[in-house]
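S.K.: The following block contains the structure, expressed as structure tokens.
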Amino acid sequence: MADDAAVDRILDRLGPDALAVDRAELADLLSRRRGAIKSALMDQSVIAGLGNLLCDEILWRARIAPRTPARDLTGTAYRRLHAAMGRVLHTSVRAGRVPPRRSWITGRRDDSEPLCPRCGESLSSGRTAGRRTVWCPHCQP
């Protein structure tokens with residue numbers, strides 16, 4: 001059928017589902033990327049299912065700056081990234097969205113003067129991969 005072929009073409013362009021990626025596969029997928037880690041995570045052809053808010057939250061929890069080159073991450077950083085990705089995705093799936101929790105960086109990003117829920121320092125905001133990115137310069141050096 002024409003509809004099935006169209007769906008197959010779309011799905012063929014997607015990377016593996018973020019919830020199904022194990023730590024070794026995550027490191028393999030990202031370690032060859034030249035760009036920033038946030039850009040690599042948001043690239044649906046690399047890993048499917050991660051959007052802007054999820055990436056900000058995952059990187060904050062993993063203590064990785066969003067502009068860090070993906071290929072420069074260490075094994076320890078990939079372990080933190082994978083663990084954070086799993087926790088954030090499982091919580092978000094149960095909630096049916098990225099929860100607007102005050103204990104999450106995503107729950108603070110739209111405050112008039114956003115502060116890091118972990119350390120209390122001012123959050124920074126900029127653009128990565130054409131999207132607004134929020135991070136804590138103290139927690140994500």
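The values are calculated or read from the model by the stated rules, or taken from the named source; none is laboratory data. Source: prediction; values computed, not measured. Cβ: placed from backbone, ideal geometry, glycine included. Neighbour counts: every protein chain shown. Heavy atoms of the whole protein, side chains included, go into the accessibility calculation; ligands, DNA and RNA do not. Shrake-Rupley method; radii C 1.70, N 1.55, O 1.52, S 1.80 Å.
S.K.: Name every residue in the stretch 115-136 that is assigned to a loop (DSSP other than H, G, I, E, B) and buried (at least 18 other Cβ atoms within 10 Å of the Cβ), in order of residue number.
M.R.: Across the stretch 115-136, the qualifying residues are CYS116, PRO117, LEU123, CYS136.
S.K.: Going through the stretch 77-95 one residue at a time, which ones are among the aliphatic types (A, V, I, L, M) and open to solvent by less than 30 Å² (accessible area, probe 1.4 Å)? It would help to see each step written out before you state the result.
M.R.: Let us first name the residues in the stretch 77-95 that are among the aliphatic types (A, V, I, L, M), namely 77, 81, 83-85, 88-89, 93, 95.
Scanning the stretch 77-95 gives ALA77, LEU81, ALA84, MET85, VAL88, LEU89.
S.K.: Can you tell me which residues in the stretch 40-61 are open to solvent by 40 Å² or more (accessible area, probe 1.4 Å) and either in contact with a strand residue (DSSP E or B) (Cβ under 6 Å, 6 or more places away or on another chain) or not in a loop (DSSP other than H, G, I, E, B) (or both)?
M.R.: GLY49, LEU53, ARG61
S.K.: Next question. Does the stretch 62-76 hold any residues that are under 16 Å from ARG32 (Cα atoms), in a helix (DSSP H, G or I) and open to solvent by 10 Å² or more (accessible area, probe 1.4 Å), and which are they?
M.R.: Step one: of the stretch 62-76, the residues under 16 Å from ARG32 (Cα atoms) are 67-75.
If we keep only those that are in a helix (DSSP H, G or I) as well, we get 70-72, 75.
Matches in the stretch 62-76: ARG71, ASP72, GLY75.
S.K.: Would it be correct to say that ALA24 is out of contact with any helix residue (DSSP H, G or I) (no Cβ under 8 Å at 6 or more places or on another chain), open to solvent by 40 Å² or more (accessible area, probe 1.4 Å) and among the small types (Gly, Ala, Ser)?
M.R.: On the way: out of contact with any helix residue (DSSP H, G or I) (no Cβ under 8 Å at 6 or more places or on another chain): yes; open to solvent by 40 Å² or more (accessible area, probe 1.4 Å): yes; among the small types (Gly, Ala, Ser): yes.
Considered against the rule, which asks whether it is out of contact with any helix residue (DSSP H, G or I) (no Cβ under 8 Å at 6 or more places or on another chain), open to solvent by 40 Å² or more (accessible area, probe 1.4 Å) and among the small types (Gly, Ala, Ser), ALA24 comes out as yes.
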